[in-house]
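Heads up, the thing below is written out as structure tokens.
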Amino acid sequence: MQDETRGARNMGEWREGQEDKQRFSVENPGHPDRVADWLLAGLELKSTLFHVGEYCGVYQASTAGHQRASFHVVLAGGCYLHMGAVGGQLARTLRLAEGDAVFLLCDVPHCLSPNERPPADLSARAGEMTPLPATPRVNAPSVALACGFFEFRTDLDALVLGMLPNPIVARRANGRLEGMTQIFSLIQAEARRPGDAPSPLLARLTDLLFYYALREAVHAEDVAPGMWRLMRRDAFGRLAAAIIESPGERWTTDAMAAFVHMSRARFCKQFAEIGGQPPAQFVTLVRMKTAAALLRAGVSLPEAAEQVGYQSESAFAQAFKRVTGIQPGAWRRRANSIGSPDDAPPNTTQTTHTTPAPAAPYPLH
């Protein structure tokens, strides 16, 4: 009863600002896409090709075991992706068709196979990848693949990964995003260019494909528990969009509960069950991501702290270091000194999805 009374009292504090948040209302249910755009803003990805080619007959291929996030793009044909149980998720099998892409955000046991039934040993390898022919084979039992690894530039990007579904699967058949289809056509063309070495554009095009795949993921029906599923709940999605829009507001637990018209206890329980983390943790992550962008843009430390809701510069600095692993001043200096993702320092924090330091390129085929 006390929670309900407190929530009702806080509702009065929000009425003045409701007009500003109408764009996140039920009549305009675009908040998942808006949140996806926010996640994409400032996210810097670097892909590295592992191999490009085709398998014929019996094969079992994988990028697992290298302690890196990885991807597979099906250029022609089809196959099955078998994933082992990891992180509380059950083992599962996904059918991949031509034009589909899958991004595994951490190193998980998996393999690609022509068989629907998963193998007894996911770590086994079979078959030989051969170079792609100049033109796709017709009615041949084969699959053409572009596979590789990817990494993110900063610790904060790695933390944001904890909000994403894993794996991220892009389906060409969905046809929702025309840009994704166009990028895949470019990948196909570059993959079949003549020459001994793959086109350097393949990795950059894969970066773009990931961004489109992430935007498409907000509409997936089988999203695992996590922040992405939370975004699909109208009330919680509007709340997340409002926090992202105004991170400097006083987002107390009571205020957030009042925003979604719930008691404090019910709000905390549902947010944690669906989103996989407490609401206060989400608010902190939003604020630190916003602050990092402000610092990179040259905003002073006191001003950045104020814009994300901190009256005390020292409290802000402590929160920033707790999330990113470094002090905000050091973050700004590092961001200004880094000329390219290649110069990025290794990650130092531990997150849900492991993003290790860059490794040496792997030989093709």
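Using mean Cβ contacts within 10 Å as the protection proxy, how do 127-133, 67-73 order, highest first? Intermediate results must be reported in sequence, preceding the final value.
Details: 127-133: 15.9, 67-73: 23.6.
Per-residue Cβ counts within 10 Å, averaged per peptide and sorted highest first, yield 67-73, 127-133.
Give me the distance in nm between label points sitting 7 Å out from Cα along the Cα-to-Cβ direction at SER246 and LYS269, one decimal.
For the pair SER246/LYS269, the computed spacing is 2.9 nm.
Charges on Cβ only, +1 for Lys and Arg, -1 for Asp and Glu, centred on the Cα centroid of the range 263-306; of LEU301, GLN270, ALA280, which one is farthest towards the dipole's positive end?
Highest projection toward the positive end goes to GLN270.
Percent of accessible area on the range 103-146 owned by carbon and sulfur, 1.4 Å probe?
Ligands and nucleic acids excluded, carbon and sulfur give 52 percent.
Rounded, prolate or oblate: which fits the range 65-149 when a ≥ b ≥ c are the square roots of the eigenvalues of the alpha-carbon gyration tensor, with rounded for a/c under 1.5 and prolate only if a/b beats b/c? Each step should come with its number before you reach the end.
Working: a/c = 1.92, a/b = 1.64, b/c = 1.17.
Judged from the Cα gyration tensor, the range 65-149 comes out prolate (a/c at least 1.5, a/b above b/c).
May I ask for the net charge around VAL308, where only other residues with Cβ less than 13 Å from the Cβ of VAL308 are counted and Lys, Arg are +1 while Asp, Glu are -1?
Working: positive: ARG250, ARG287, LYS289; negative: GLU245, GLU249, GLU303, GLU306, GLU313.
With Lys, Arg at +1 and Asp, Glu at -1, the neighbours total -2.
Using amide H atoms built 1.01 Å from N in the peptide plane, name the residues 5+ places from PHE50, or on other chains, whose amide H lies under 5 Å from its own.
CYS147, GLY148, PHE149
For every other residue with a beta carbon closer than 12 angstrom to the beta carbon of TYR80, add +1 if it is Lys or Arg and -1 if Asp or Glu, then tell me the sum. Walk me through the numbers on the way to the answer.
Working: positive: ARG92, ARG95, ARG117; negative: ASP100, GLU116.
Once positives and negatives cancel, what remains is +1.
May I ask for the net charge around PRO109, where only other residues with Cβ less than 15 Å from the Cβ of PRO109 are counted and Lys, Arg are +1 while Asp, Glu are -1?
Working: positive: ARG68, ARG92, ARG125; negative: ASP107, ASP121.
After counting each charged neighbour, the total is +1.
Would you mind calculating the gained length between ASN174 and ASN139 on full extension (0.36 nm times residue separation, minus the Cα-Cα distance), in nm to one decimal? Before the final figure, lay out each step's value.
Details: separation 35, 0.36 × 35 = 12.60 nm, distance 2.37 nm.
This chain segment gains 10.2 nm when fully extended.
The values are calculated or read from the model by the stated rules, or taken from the named source; none is laboratory data. No experiment lies behind these values; they were computed from the predicted model shown. Virtual Cβ from ideal backbone geometry, glycine too; neighbours counted across all protein chains shown. Keep in mind that these areas ignore ligands, DNA and RNA; they rest on the heavy atoms of the full protein, side chains included. Shrake-Rupley method; radii C 1.70, N 1.55, O 1.52, S 1.80 Å.
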